[in-house]
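Engineer: Encoded as structure tokens, here's the structure I'll be asking about.
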Amino acid sequence: MAITIKFFASLREQVGKSEVQIELSRFKFFKEKLKPRTDSLTVGEVWAQVCDNSPLPIHILMAVNKEYSKQDTRVQDGDEVAFFPPVTGG
Amino acid sequence: MKVEITSKIFNPWEELQTYEKTLIAQGKYGAVATFVGTMRDYNEGDIVQAMFLEHYPGMTEKYLQTLSETALQRWDIFETLIIHRIGEIKPGETIVLVATWAGHRVPAFEACRFLIDELKSRAPFWKQETLSNGVRWLDQ
């Protein structure tokens with residue numbers, strides 16, 4: 001199992017990818033033992049891993065399994081995490 | 001309750017009539033409130049030639065369904081309808097249709113306004129405009 005991470009709209013163009021999959025065991029936090037191993041990590045930690053520790057811009061919105069989440073929402077193996085800019089529908 | 005995301009051009013008035021005929025009995029409702037959003041050929045002082053609307057498949061539908069359920073619980077209304085375009089859109093084409101059916105005008109108006117306001121502020125859609133000198137996202 002892995003975590004699927006998706007990016008949308010202008011953020012996808014900035015990050016340069018629409019989707020990545022990462023095995024939970026391959027997260028740096030676990031490999032480098034900077035953090036005790038747990039079965040989950042937070043959305044903010046997922047961003048840091050995928051975007052080379054760049055700070056998460058304040059206007060960026062987040063979702064876990066297609067529902068709005070926060071930076072400290074916990075992510076489990078098999079979850080889908082999404083990052084996207086402010087919405088402009090209607 | 002119906003939520004539809006479509007990449008095809010649609011006529012909001014025909015959709016309204018079709019939905020009303022198939023689902024809501026004549027005489028049951030006394031008020032229908034509608035909002036129709038149409039693409040302009042100008043924005044922020046520029047001429048806009050076309051627009052591309054992106055969404056988050058799965059999340060957008062789920063969000064709009066939850067929103068419709070909330071409206072149905074919060075107001076005394078019978079039915080809700082939301083149709084939203086995605087993909088390439090030209091000026092003059094309908095982007096969104098929101099409609100509510102109720103016994104009286106107040107809940108119909110209020111629920112319709114709630115649906116379009118929440119859709120605009122929280123539903124995962126993103127617009128990219130095509131101008132004469134390139135494209136721009138409106139999400140910056």
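Engineer: Placing unit charges on C-beta atoms (Lys and Arg positive, Asp and Glu negative, everything else neutral), compute the dipole magnitude of chain B about its Cα centre in debye, rounded to 20.
Structural biologist: Approximately 220 debye in magnitude.
Engineer: What FRET efficiency do you get for residue B:66 and residue A:23 if R0 is 45 Å and r is their Cβ-Cβ distance, rounded to the nearest 0.05?
Structural biologist: Taking R0 as 45 Å, the efficiency between residue B:66 and residue A:23 is 0.90.
Engineer: Give the average, rounded to an integer, of partner chain Cβ atoms located within 10 angstrom of each Cβ in A:5-12.
Structural biologist: On the way: counts 0, 3, 0, 8, 13, 8, 3, 2.
For peptide A:5-12, the averaged partner shielding equals 5.
Engineer: Farthest toward the dipole's positive end in the protein assembly as shown, which of B:51, B:5, A:14, given Cβ charges of +1 (Lys, Arg) and -1 (Asp, Glu) about the Cα centre?
Structural biologist: Of the candidates, A:14 comes out farthest on the positive side.
Engineer: Turning to a different aspect of this structure: Quick check on my link table: of A:17/B:127; A:66/B:28; B:62/B:127; B:28/B:90; A:70/B:62, which ones sit more than 29 Å apart, alpha carbon to alpha carbon?
Structural biologist: From A:17/B:127; A:66/B:28; B:62/B:127; B:28/B:90; A:70/B:62, over 29 Å: A:66/B:28; B:28/B:90.
Engineer: Helix-derived [θ] at 222 nm for chain B: sum -39500 (n - 2.57) over DSSP H runs of at least 4, divide by residue count, nearest 500?
Structural biologist: -11000 deg cm²/dmol
Engineer: I would also like to ask the following. Could you grab the Rg to Rh ratio for chain B? Cα atoms only, Kirkwood for Rh.
Structural biologist: 1.00
Engineer: Based on Cβ point charges of +1 for Lys and Arg and -1 for Asp and Glu, what charge dipole magnitude is obtained for the protein assembly as shown about its Cα centre, in debye rounded to the nearest 20?
Structural biologist: In debye, rounded to 20, the protein assembly as shown gives about 360.
Engineer: Follow-up. Tell me which of B:80, B:36, B:130 sits at the most positive position along the dipole axis of chain B, charges placed on C-beta atoms (Lys, Arg +1; Asp, Glu -1).
Structural biologist: About the Cα centre, the residue reaching furthest to the positive side is B:80.
Engineer: For residue B:50 and residue A:59, what is the calculated FRET efficiency with R₀ set at 22 Å and r taken between the beta-carbons, to the nearest 0.05?
Structural biologist: That gives a FRET efficiency of 0.30.
Engineer: For the pair residue B:74 and residue B:21, what calculated FRET efficiency results from E = 1/(1 + (r/R0)^6), where r is the Cβ-Cβ distance and R0 = 22 Å, to the nearest 0.05?
Structural biologist: That gives a FRET efficiency of 0.25.
Engineer: If you take each beta carbon of peptide A:56-62 and count the beta carbons of other chains within 10 angstrom, what is the mean? Could you put the intermediate results ahead of the total?
Structural biologist: On the way: counts 0, 0, 0, 2, 0, 3, 0.
Rounded to a whole number, the mean comes out at 1.
Engineer: I've got another one for you. So, in Å, what gap is there between the alpha-carbon centers of region B:1-65 and region B:66-98?
Structural biologist: Value for the Cα centre distance between the two parts: 5 Å.
A short reminder: the numbers here are calculations on the coordinates, not readings from a lab. Computed from a predicted structure; not experimentally measured. Don't worry about glycine lacking a Cβ; one is built from the backbone with ideal geometry, like all the others, and counts go over all protein chains shown.
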